[in-house]
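Written out below as structure tokens is the structure these notes cover.
The values are calculated or read from the model by the stated rules, or taken from the named source; none is laboratory data. Computed from a predicted model, the values in this text were never measured in an experiment. Please note: Cβ atoms are built from the backbone with ideal geometry, for glycine as well, and neighbour counts cover all protein chains shown.
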Amino acid sequence: MASITISPELPRNDVILLRNLADDIERCQQKAGPPPSSNGSAKSSGGIAQRKPSASGQEAANGSAGRYISPTRDADDLSRMKALNDPSSQDFEPTVFSSVDLQDLETRLHPVIYRHILLPYIKWAQGIARHPSDVVMITHLILYFTTSIPSAIWLYYHFTYLHGILHFALQFYYLGTYTLMMHQHIHGGGILNKKSSLIHLFDVAFPYITDPLMGHTWNTYYYHHVKHHHVEGNGPDDLSSTLRYQRDDVWHFLHYVGRFYFLIWFDLPRYFLRKGRRTSALKTFFWEISNYLTLFTLYKINARPTFFVFLLPLMLLRAGLMVGNWGQHALVDPDEPDSDYRSSITLIDVPSNRYCYNDGYHTSHHLNPRRHWREHPVHFLEKKGTYGAEHALVFHGIDYLEITIRVLLKHYDYLAARLVPIGDRQMAMTPAERADLLRSCTRRFSEEEIAEKFRRAEVM
């Protein structure tokens with residue numbers, strides 16, 4: 001386990017999963033022997049064994065994770081992880097705050113506060129949230145409506161540059177967590193329950209208030225991410241696809257970000273028109289242009305607060321979304337770019353998973369976009385054998401921003417050290433071989449390769 005760093009700040013299920021994977025690695029080190037000859041010695045152009053590809057967006061049957069797993073340990077860990085997510089279990093633990101687990105609050109808070117304030121609040125919030133585990137989303141909604149909105153209103157009433165800078169700093173702090181909360185919203189049809197028509201109405205309406213404060217234009221995230229990106233899956237028709245870019249080239253990266261930054265308002269409606277989805281094209285164009293016209297009007301009325309309240313978050317988020325997506329899809333297998341296991345990655349890290357609703361489990365999310373965020377680590381352990389057999393890439397202690405930066409700097413040795421090897425083949429590799437593997441996954445695809453590989457995927 002010396003090569004795996006387990007941060008005490010990781011969510012509990014991440015700690016269980018990472019210790020499980022570290023145990024596999026330790027067993028491999030203790031029982032080191034020659035790597036298996038079947039498939040394991042057959043190298044492809046990317047240094048990965050050839051195998052029948054899995055269709056994008058579909059989960060393969062559970063395969064072999066390697067010779068070093070402990071079925072008993074896996075079953076015990078899986079049972080513990082499921083219990084934390086099961087409201088009927090005595091071990092169930094809702095997420096109340098991003099920064100701390102509920103079990104730790106009992107010892108940190110005064111008993112009176114814990115019993116008479118926190119526990120009643122959790123019970124009340126669970127009656128509003130879509131899932132009993134998602135108290136944290138109610139916590140964040142309260143936070144946004146009691147800080148961001150009053151601050152923005154006051155800036156229009158009495159603007160000072162100090163307040164404007166502090167307001168933007170606050171939004172910068174909120175932005176990642178809010179965006180990933182909205183990620184749950186757009187995939188799950190909301191984050192609040194539908195028992196009350198008033199609560200449901202608020203669930204539908206609040207993004208129109210908070211989205212622009214966090215840099216989002218109305219409904220664009222939904223149409224781009226749900227109706228477009230998850231349909232195309234980083235394939236050739238995906239506007240945010242990384243296939244045609246050399247992913248460790250700074251100029252290619254700047255072109256990628258710039259194209260989205262300045263042209264998404266035009267490219268996304270055009271995409272829907274090409275696909276014969278005229279209604280989506282009209283809706284996307286309407287919401288984008290109406291949002292820009294609203295910001296233009298506000299700027300003409302009162303420029304300074306509009307710049308700090310709306311324009312700075314918009315400029316920041318547009319860049320941030322593409323920086324993150326580059327990190328999520330920078331490492332694409334050169335032989336099977338159509339496989340969700342091989343065109344996206346998994347991160348077990350604090351920023352992605354504690355503060356951003358398990359956003360690190362990007363492969364799991366592409367396999368099932370509607371999977372609840374708390375279920376991603378459970379799914380990974382359940383399908384650990386498949387992830388190993390599919391040669392999926394898993395990293396620890398690194399987030400998407402750093403992935404992007406390290407790839408652009410060509411720090412493949414560092415990335416190899418952050419890799420969590422799974423399956424016989426990755427475990428048998430030397431650090432240098434792992435670095436070479438990662439380097440091969442950043443190569444640009446030619447149009448001929450794209451046509452051949454994705455045509456093959458359609459046939460299969």
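Numbers for the structure displayed
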{"read-out": "Qualifying residue in the stretch 106-116 (condition: assigned to a helix (DSSP H, G or I) and of a type in the set (Ser, Thr, Tyr))", "value": "yes"}
{"read-out": "Helices (runs of 4 or more DSSP H) enclosed by the stretch 282-350 - at least 2 residues per element that are touching a helix residue (DSSP H, G or I) at 6+ places or on another chain (Cβ under 9 Å), outside the structural domain of Ile403 (by TED's automatic domain parsing) and surrounded by 18 or more Cβ atoms within 10 Å (Cβ to Cβ)", "value": "303-306, 312-328"}
{"read-out": "Residue tally, condition in a loop (DSSP other than H, G, I, E, B), over 10 Å from the mean Cα position of the chain (by Cα) and closer than 19 Å to Leu175 by Cβ, over the stretch 351-381", "value": "2"}
{"read-out": "Which listed residue is touching a strand residue (DSSP E or B) at 6+ places or on another chain (Cβ under 7 Å) and not in a loop (DSSP other than H, G, I, E, B), from Phe395, Phe454", "value": "Phe395"}
{"read-out": "Unmet requirement for Gln246, which otherwise passes all of (1) under 22 Å from His366 (Cβ atoms); (2) not in a helix (DSSP H, G or I)", "value": "(1)"}
{"read-out": "Residue within the stretch 105-127 that is in contact with a Ser or Thr (Cβ under 9 Å, 6 or more places away or on another chain), within 30 Å of Asn20 (Cβ to Cβ), surrounded by 12 or more Cβ atoms within 10 Å (Cβ to Cβ) and aliphatic (A, V, I, L, M) present", "value": "no"}
{"read-out": "Some residue of the stretch 212-220 being at positive phi, outside the structural domain of Glu336 (by TED's automatic domain parsing), in contact with a Pro (Cβ under 9 Å, 6 or more places away or on another chain) and buried (at least 16 other Cβ atoms within 10 Å of the Cβ)", "value": "yes"}
{"read-out": "Selection count, the stretch 122-142, where residues are in contact (Cβ under 8 Å) with a residue 12 or more places away in the chain and part of a helix (DSSP H, G or I)", "value": "10"}
{"read-out": "The listed residue being under 23 Å from Gly127 (Cβ atoms) and assigned to a helix (DSSP H, G or I), out of His185, His228, His163", "value": "His185"}
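Rundown of residues vs (1) under 30 Å from Ala392 (Cβ atoms); (2) in the same structural domain as Gly388 (by TED's automatic domain parsing); (3) aromatic (Phe, Trp, Tyr), yes/no style:
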{"site": "Tyr68", "(1), (2), (3)": "yes, yes, yes"}
{"site": "Leu78", "(1), (2), (3)": "yes, yes, no"}
{"site": "Glu106", "(1), (2), (3)": "no, no, no"}
{"site": "Ile117", "(1), (2), (3)": "no, no, no"}
{"site": "Arg130", "(1), (2), (3)": "yes, no, no"}
{"site": "Val135", "(1), (2), (3)": "no, no, no"}
{"site": "Thr147", "(1), (2), (3)": "no, no, no"}
{"site": "Leu170", "(1), (2), (3)": "no, no, no"}
{"site": "Tyr173", "(1), (2), (3)": "no, no, yes"}
